[in-house]
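Working notes, beginning with the structure itself.
Nothing in this text is a laboratory measurement; each read-out follows from the coordinates by a stated rule. From a predicted model like this one, the values you see are computed outputs, not experimental measurements. Note that we place each Cβ from the backbone using ideal geometry, even for glycine, and neighbour counts take in every protein chain shown.
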Amino acid sequence: MMDLQLDRDLCFFDIEATGLSVIRDRILQIGIIKYFADGRAPEELNMIINPGIPISEEAMQVHGILPKDVANKPTFQQVAQKIHAFIGNADLAGYNSNRFDIPMLMEEFDRAGLEFDITRRRMIDVQRIFYKMEPRTLKAALKFYCDKDIEDAHDAMADVRATVEVFMGQLERYKGVDYIDDEGNVQKAPVKKNIQELHEFTNDQRFVDATQKMRYDQNGAIVFNFGKYNNQPVAEVLSKDKQYYNWILNKEFSSQVKQIVKKLVTEYEKKQRNG
């Protein structure tokens, strides 16, 4: 039983979705546990929902919900009233809920013609408690790995010396320690004195550029990770749509993105000419 002094009902909830955009994507599953201010036993609501749009490959790899799993399920429009009534006037809680779950739920309710006012609700984001109480700063890392306090913090040379110490502490602490990702995949002792392996471990190999505007698809092709051409091949699209190509080159995209798209288009057009 939750030992909290509640003056209002409290709903912990989580959603699984077709992707990561709170605007474009849709809810596939919602799970809610409602704790009552009057001390009643908690109630649960768990629903699989037909999103009415395709589920991204990346999302399916994370939550495992496939098109066949939602084919005969109700749409959000059909269950919106039930979910809305279940939550009622409760406060809300979740993990990364302020940035993802709550905004996406608001969008779904809006599409269903139901107002979901959060201005009168209190919201608890459990992830924020974690991040604030266990800060991921250089100062915190030096204390955690080396049990030292940083001197002259934010002096560049002091910071780089502290970073070296943290790195050496990590190599020692994680020697022989396996990494297990969110899906249960095991990577054998990735933190070791091997630059290539450390590079692969500390960089997300799915993305082509630092700002994550482009990524590799399952076939290794470079595709857009944003905008109207999302998931479509960069080189082919930009070769055909020169207006969009010039828009990227002249807008506030990173120099890395601009260099990559120039190279991709040049190589693509050369290959087309040479048949």
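Over the C-alpha trace of region 214-273, radius of gyration and Dmax come out as 10.9, 31 angstrom. By the compact-protein rule of thumb, 2.2 N^0.38 Å, the alpha-carbon radius of gyration of region 10-130 corresponds to a ratio of 1.03.
Note on region 160-275: Kirkwood radius taken over Cα pairs, Stokes-Einstein applied at 4 °C and 1.567 mPa s, translational D equal to 76 µm² s⁻¹.
Residue exposure proxy: Tyr35, Tyr95, ordered by other Cβ atoms within 10 angstrom of their Cβ from fewest to most, comes out as Tyr95, Tyr35.
Taken about its Cα centre, region 48-182 carries a charge dipole of roughly 440 debye when the Cβ of each Lys and Arg holds +1 and the Cβ of each Asp and Glu holds -1.
Once the chain is represented by equal point scatterers at the alpha-carbon sites, with solvent omitted, what log10 I(q)/I(0) does the Debye formula produce at q = 0.10, 0.16, 0.17 Å⁻¹? For the requested q values the scattering log ratios are -0.81, -1.26, -1.28.
Kirkwood radius and radius of gyration were both taken over the C-alpha atoms of region 117-205, and their ratio Rg/Rh is 1.09. Looking only at region 10-156, where both bridge partners belong to it, what percent of the DSSP beta bridges are antiparallel (to the nearest 5)? So the antiparallel bridges amount to about 65 percent of the total. Rounded to the nearest 20 debye, the dipole size of region 214-273 about its Cα centre is 180 debye, using +1 on the Cβ of Lys and Arg and -1 on the Cβ of Asp and Glu. Hey, for a label at Leu4 modelled as a point 7 Å past Cα toward Cβ, could you say which residues of region 105-134 have their backbone N under 18 Å away? Once the point is set 7 Å along Cα→Cβ of Leu4, 118-133 turn out to lie under 18 Å by backbone N, inside region 105-134.
Taking springs between alpha-carbon atoms closer than 10 angstrom, which of Lys251, Lys193, Lys82 fluctuates most in the Gaussian network model of the chain? Result for the chain, Cα springs under 10 Å: Lys251 fluctuates most. In the chain, a dipole from Cβ-located charges (positive for Lys and Arg, negative for Asp and Glu) runs towards its positive end, and of Ile49, Gln5, Gln256 it is Gln256 whose Cα lies farthest in that direction.
Counting beta carbons within 10 Å around each of Leu4, Leu92, Leu105 and listing the fewest first gives the order Leu4, Leu92, Leu105. With 5 Å bins beginning at zero, the pair-distance distribution over Cα atoms of region 171-234 amounts to 4, 16, 18, 17, 15, 13, 10, 5, 2, 0 %.
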